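For reference, the structure is listed below as structure tokens.
No value in this document is a laboratory result; all are computed from the given coordinates. Worth saying up front: this structure is predicted, and the values here are computed from it rather than measured. Positions of Cβ are generated from backbone atoms using ideal geometry, with glycine treated the same way; all protein chains shown enter the neighbour counts.
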Amino acid sequence: MSVETRPTMSDKKTTPKRQGISTQAVHAGEARQKPGDSITDPIFCASTFTFPDSQSVIDFIEQGQNREEYGRYGNPNEKVVEAKLAVLEGAEAALLFSTGMAALVGLLMAKLNAGDEIIFFDECYHRSREFCAKHLSRFGIVTRQVRACDYEAMEAAINPLTKMLISESPTNPHLSVVDLERFTAIGHEHNVETLIDATLATPYNLRPIDAGVDYVLHSATKYLGGHNDLLAGSIAGSAEKLEPVRKLRGIMGSINSPHNIYLLSRGLKTFELRMKRHNENGQAVAEFLAAHPRIERVFYPGLSSHPQHEIAKKTMRGFGGLVTFLVKDADWRATADVVDAVQIPRIAPSLGGVESLIEQPLVMSYYECTAEERQQFGIPDNMIRMSCGIENAEDLIEDLQQALEA
Ligand SMILES: *Cc1c(COP(=O)(O)O)cnc(C)c1O
């Protein structure tokens, strides 16, 4: 059977206009006619790929033919989803990893050398911070942290050893929104590459590549997969810049099983529908909480009280399903009581799936930190983070109401 399973460029030639997000999410990267005439991409359960004879192996190597060789270097399912993610991101290329953390580690290990420095905005996923502080440091790479959205501090921290500027946008769990124009302008001015972890925004809500960011990272475990049933990560950017990252991934082996990739591909089909609902639910829940007398503060970019609301409104299509809030006059126990009283959201780490999740960062991710460290990371005892799923907003709000009044 010689059915072409790789994405073709023909669509691009005939449709110069960028297609809608759902059309891209459903069709991009996929061959029109697939093996077995299947409408879905068959799952290629293959650890290795065969050659008909020795001359074919030699031709493959000498001519750099576009085919598979060994599972750690690539798989047809992976190529399809990478092409789909690149189109969704508006990037030239995308690379899949086994998790979001594997994507971050893979990119930084491929791009940095001993003696290099990177600069991070200090509000970030706890394990990203830990990887840089505890592990990159062992290889002689220095991480400088500056306050989130303090562009002067970031620029001042740049020196001739600086190789990358890194931030999330919005940040986890504070939902600060980075001004990507300023961020990339600093990078361009000093000839330093830029990386945005846009996991909380997704390509539906934010377009970092259009803003000139070099690398866009996602934990595809979250909204891209969308169903709380898989772990994966991705990086989008220029094909040339990603080539060494792909090569190192083939050595480190931080890849997905074909089954996992199928789940991601299936989850992506409903990407836009889900994001619209997450955005609506996040906004409704944030507005409800902001008006509730037991709430001290709500962190959500869609509220006019948010410090970067103007830049968020200008640059984002919606503000996602993650809402962080502080319970007024509550110690850690009274805060835990609110978490324990909700009926619909499940208590778990993670975000971005169809099921709503809720957690108290102190208990879930920062329990082993000292009080000083939590203060430094901006994690007060009365903070709750809720990931609004796709349930009905009225039900989520009614549930929060009873939990806050319990
Ligand atoms: C979850 C998350 C990660 C890590 O992704 P995994 O898929 O869990 O490895 C990185 N960045 C952000 C912003 C996240 O929310």
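Would you mind telling me the antiparallel percentage of the DSSP bridges in the chain, rounded to 5?
Values: 22 of 41 bridges.
Counting only bridges with both partners in the chain, antiparallel ones make up about 55 percent.
Amide H to amide H, which residues 5 or more places from Ile347 or on other chains are under 5 Å from it, using H placed in the peptide plane?
Residues meeting the criterion, in which the H sits 1.01 Å from N, are Ile358.
May I ask you to order 67-80, 123-136 by the average number of other C-beta atoms within 10 Å around their residues, highest value first?
So the order, starting with the most tightly packed, is 67-80, 123-136.
Mind pulling up the Rg/Rh value for the stretch 271-405? Radius of gyration and Kirkwood radius, both on Cα.
Rg/Rh: 0.95.
Any chance you could get the radius of gyration and Dmax over the Cα atoms of the stretch 68-224, in Å?
15.3, 48
Over what distance in Å are the Cα centres of the stretch 279-325 and the stretch 344-374 separated?
Here the answer is 18 Å between Cα centres.
Please list 3J(HN,Hα) in residue order for the stretch 209-215, calculated via the Karplus relation 6.51 cos²θ - 1.76 cosθ + 1.60 where θ = phi - 60°; whole Hz, with x for glycine and proline.
Calculated HN-Hα couplings, in order: 5, 4, 7, x, 6, 6, 10 Hz.
For Cα pairs less than 8 Å apart in space and 6+ apart in sequence, what is the mean separation divided by the residue count of the chain, i.e. the relative contact order in percent?
Relative CO of the chain lands at 15 percent.
In whole Hz, with x marking every Gly and Pro, tabulate ³J(HN,Hα) for the stretch 105-115 from phi via Karplus 6.51 cos²θ - 1.76 cosθ + 1.60, θ = phi - 60°.
4, x, 5, 5, 5, 6, 9, 10, 10, 3, x
Of Asn113, Val87, Asn191, whose Cα points farthest to the positive end of the dipole of the stretch 19-268 (charges on the beta-carbon: +1 Lys, Arg; -1 Asp, Glu; origin at the Cα centre)?
Looking along the dipole axis, the top candidate is Asn113.
For Asp41, Asp229, Asp331, what ranking results if the residue with the fewest other Cβ atoms within 10 Å of its Cβ goes first?
Ascending number of Cβ neighbours within 10 Å: Asp331, Asp229, Asp41.
Is the stretch 129-219 rounded, prolate or oblate when judged by the Cα gyration tensor, a ≥ b ≥ c being the square roots of its eigenvalues, rounded requiring a/c under 1.5 and prolate requiring a/b larger than b/c?
In terms of gyration-tensor shape, oblate.
For the stretch 285-324, list log₁₀ I(q)/I(0) at each q in 0.21, 0.22, 0.24, 0.32 Å⁻¹, using the Debye formula over Cα point scatterers of equal strength and ignoring solvent, two decimals each.
-0.61, -0.66, -0.76, -1.15
If packing is taken as the average count of other Cβ atoms within 10 Å, what order do 232-241, 374-383, 44-53 fall into, highest mean first?
Most protected by this proxy first, the peptides run 232-241, 374-383, 44-53.
Just the Cα atoms of the stretch 83-154, one point each, no solvent: what log10 I(q)/I(0) does Debye give at q = 0.23 Å⁻¹?
With no solvent term, the Cα-only Debye profile gives -1.07.
One-quarter of the Cα convex hull surface for the stretch 117-158, in nm²?
2.6
Short version: ³J(HN,Hα) in whole Hz for each residue of the stretch 385-391, in order, from phi by Karplus 6.51 cos²θ - 1.76 cosθ + 1.60 (θ = phi - 60°), x for Gly and Pro, what are they?
Computed from phi, the couplings for the stretch 385-391 are 10, 10, 9, 6, x, 10, 4 Hz.
At a Förster distance of 45 Å, what's the computed FRET efficiency of Arg147 paired with Gln63, Cβ-Cβ distance as r, to 0.05?
Plugging the Cβ-Cβ distance into 1/(1 + (r/R0)^6) gives 0.30.
Let me know the whole percent of all Cα-Cα pairs from the chain that are separated by more than 32 Å. Don't jump to the answer; show the numbers that get you there.
Working: 30433 of 82215 pairs.
Result for the distance tail: 37 percent.
What is the spread of the Cα atoms of the stretch 156-293 along each of their three principal axes, largest first, in whole Å?
If we take the Cα atoms of the stretch 156-293, the spans are 49, 42, 23 Å.
Ranked from highest to lowest mean number of other Cβ atoms within 10 Å per residue, what is the order of the peptides 55-61, 284-290?
284-290, 55-61
Consider just the alpha-carbon atoms of the stretch 324-374 and return their Rg together with their Dmax, both in angstrom.
Rg, Dmax (Cα atoms, Å): 11.7, 35.
Per residue, what volume in Å³ does the convex hull of the Cα atoms of the stretch 181-228 enclose?
Per-residue hull volume (Cα only) is 59 Å³.
Mind checking the full-extension length gain between Arg346 and Glu372? Use 0.36 nm per residue of separation minus the Cα-Cα distance, one decimal, nm.
On the way: separation 26, 0.36 × 26 = 9.36 nm, distance 2.88 nm.
Length gained, Arg346 through Glu372: 6.5 nm.
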